Structures are given as structure tokens and as C-alpha cells.
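Please read the structure below before turning to the comments.
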Amino acid sequence: MRRPVIAGNWKMFKTRGETSAFFEAFLPQIQNVSHCDIVIAPPFTALSTAVDDANGSIVKISAQDVCWEKEGAFTGQISVKMLREAGCTYTIIGHSERRQFLGETDEVVQKKAVAAVGGGLKAIVCVGELLAQRDAGQASEVVRRQVENGLRGLTGPDLSHIIVAYEPVWAIGTGRTATPEIAAEMHAVIRKTFAEIYNEVAADALRVLYGGSVKPDNIPALMKKEDIDGALVGGASLDPASFAAIVKYQN
Ligand code: PEP
């Protein structure tokens, strides 16, 4: 009953020209797809190009980050209103690379989530434990805390605009995917925590994506798990053929 979402995070890859080349190759490959939502997150500079290129298709465009403030003296930041004007309908928030390399905390993630959904964007909020935390048996506790602290303070109607991506840091860009069992177990933790903060109805409707070295050959097994509602794909979303194959995981 939850509609699957396959989202691609391009990180700091692709110029505007490369973006157009991607869409030219990708769109014909997914023109008959209707079983899932497709989201692509290019870098800021290619957002409006991607919006134009995706026009008329089912692909929605996402930012990779957003500022929590509406406007002001925040050099380098981009607001919700600017993203909406560029044609974005989604934003990623709290990606582990931003948490690790740019000091993003749960508190910042929470402010961004509130600002994004309050301003009319859908937010893909990323959580996930480090390898050392998993090895120490703390994975569930870490992710529970990230959900509790990062997703507090949302109001009823906003909850349906939140998507959570479980991305174990040890699986991102490493080629080491979490097994479908590990991913499903962590997705259940996320859903349970969301039910505790809000309610069972919102938690049942919450779409929880898995991210971490998703490829065309491992997506079918992941998608068979009831609690896995889609994927956030990094490296394999850069290539039109591999991302199309992931989108068409049912074939
Ligand atoms: C990501 O960047 O969110 C990600 C999951 O990357 P990769 O698929 O390359 O592991």
C-alpha cells in the first residue's frame, strides 16, 4: 500500500550538459514505468536544467540540501522558496556525507526538515550508523536517536511529506550492501520510532528507503522486504542504464 520510491543522489557529479545527456538516455528507458515514484537529486547548479529535461515525465527533481531559514545572511545557502522556484519538489536532508564532513547535527537536520515540509517540499531525511557503532552493537540505538531528534516537531499534515532513508555509513560507496535482513530490521526500528513520536497511522504510511551500494543486481532482494519501500541510490544513479535497471527492479 506504500508507493515505492527510487531516488538517485548525484552528489557532486554532473554539469548541466552531462545532466541533459543523462535525461536524454534515461527517459526513453523508463517511459512505461508507473509502479514507483522516481526522484533525481542533481547538484544545485543543474537543478533547473534537470527540471526542464524531466518535464513531461514522471521524474521529480530533488535538491541535495536546503537551508532551515527562509532568507538572510547565510552565505552559500539555498532556501526552500528558491528550490521551489527552480522546480524542485523534494530535498534530501542529513545525508551522512554532510553529517560526517560538514558537521551536520540532528538539531540542524530537524530544523531543515521542519522548514522543508513547512515550505511545501517533500524531505528525504537520511539516517544511519557508522561501522564502529554497528560493531559495538549500537546500530538500533543510534538510528532511533537520529529519528527521534531529527524528526521531532512536525505537525500532522507534514508527516506524509517525510521519507526516511536508512543509509548505513559503512555501506555508502563501499560496494558493501547491507543484507536485506539487516536493512529490513533497521527499517522496522525506524517505523517503530516514528510511531512512538507520532502515531501508528503515520508510521504505517511512512516510506522508508534503503541506501548503500544499491545496484541493479541487489535491488530485487531488498525490495522483497515488506518494510523496504524503495532505495536512495548514489553511484549507480549516475549511469542512465544502471539507474533505469534499478527503477525497473520488478523485471
Ligand atoms: C548515497 O549517496 O546516498 C548512496 C547510498 O551512495 P551509494 O549508492 O554510492 O552507496
- Message: Tell me yes or no: at least one residue of segment 112-128 is part of a helix (DSSP H, G or I) and within 16 Å of the ligand (Cβ to nearest atom).
- Response: no
- Message: Considering only residues that are touching a residue at least 12 places away in the same chain (Cβ under 8 Å) and of a type in the set (D, E, K, R), which ones fall in segment 212-251?
- Response: LYS215, LYS224, LYS225, GLU226, ASP227, ASP229, LYS248
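Residue by residue, here is whether (1) in contact (Cβ under 8 Å) with a residue 24 or more places away in the chain; (2) within 16 Å of the ligand (Cβ to nearest atom); (3) open to solvent by 10 Å² or more (accessible area, probe 1.4 Å) holds:
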{"site": "SER140", "(1), (2), (3)": "yes, no, yes"}
{"site": "ILE162", "(1), (2), (3)": "yes, no, no"}
{"site": "ALA165", "(1), (2), (3)": "yes, yes, no"}
{"site": "ILE182", "(1), (2), (3)": "no, yes, yes"}
{"site": "MET186", "(1), (2), (3)": "yes, yes, no"}
- Query: Under the condition of being over 22 Å from PRO28 (Cβ atoms) and of a type in the set (Phe, Trp, Tyr), which residue from segment 198-251 is farthest from the ligand (Cβ to nearest atom)?
  - Reply: TYR198
- Task: May I ask you to list the residues in segment 57-78 that are open to solvent by less than 20 Å² (accessible area, probe 1.4 Å) and either outside any strand (DSSP E or B) or over 23 Å from VAL164 (Cβ atoms) (or both)?
- Result: ASP65, VAL66, CYS67
- Are any residues in segment 188-201 surrounded by 18 or more Cβ atoms within 10 Å (Cβ to Cβ) and either free of Cβ contacts under 8 Å to residues at least 40 places away in the same chain or in contact with a strand residue (DSSP E or B) (Cβ under 9 Å, 6 or more places away or on another chain) (or both), and if so, which ones? VAL189, ILE190, ARG191, PHE194
- Please give the number of the condition ALA86 fails out of (1) crowded, with 17+ Cβ neighbours inside 10 Å; (2) more than 16 Å from the ligand (Cβ to nearest atom). (1)
- Task: Within segment 1-55, track down each residue that is more than 26 Å from ALA202 (Cβ to Cβ) and of a type in the set (Lys, Arg).
- Result: LYS11, LYS14, ARG16
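For (1) in contact with a Cys (Cβ under 9 Å, 6 or more places away or on another chain); (2) modelled with pLDDT under 95; (3) open to solvent by less than 50 Å² (accessible area, probe 1.4 Å); (4) under 30 Å from GLN133 (Cα atoms), each residue gets a yes or a no:
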residue	(1), (2), (3), (4)
ARG16	no, no, no, no
THR19	no, no, yes, no
GLU24	no, no, no, no
GLN29	no, no, no, no
THR49	no, no, yes, no
ASP52	no, no, no, no
VAL80	yes, no, yes, no
ILE92	yes, no, yes, yes
ARG98	yes, no, no, yes
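The values are calculated or read from the model by the stated rules, or taken from the named source; none is laboratory data. As the structure is a prediction and not an experimental result, all values here were calculated from the model. Cβ: placed from backbone, ideal geometry, glycine included. Neighbour counts: every protein chain shown. Areas reflect the complete protein model, heavy atoms only, side chains present, ligands, DNA and RNA absent. Shrake-Rupley method; radii C 1.70, N 1.55, O 1.52, S 1.80 Å.
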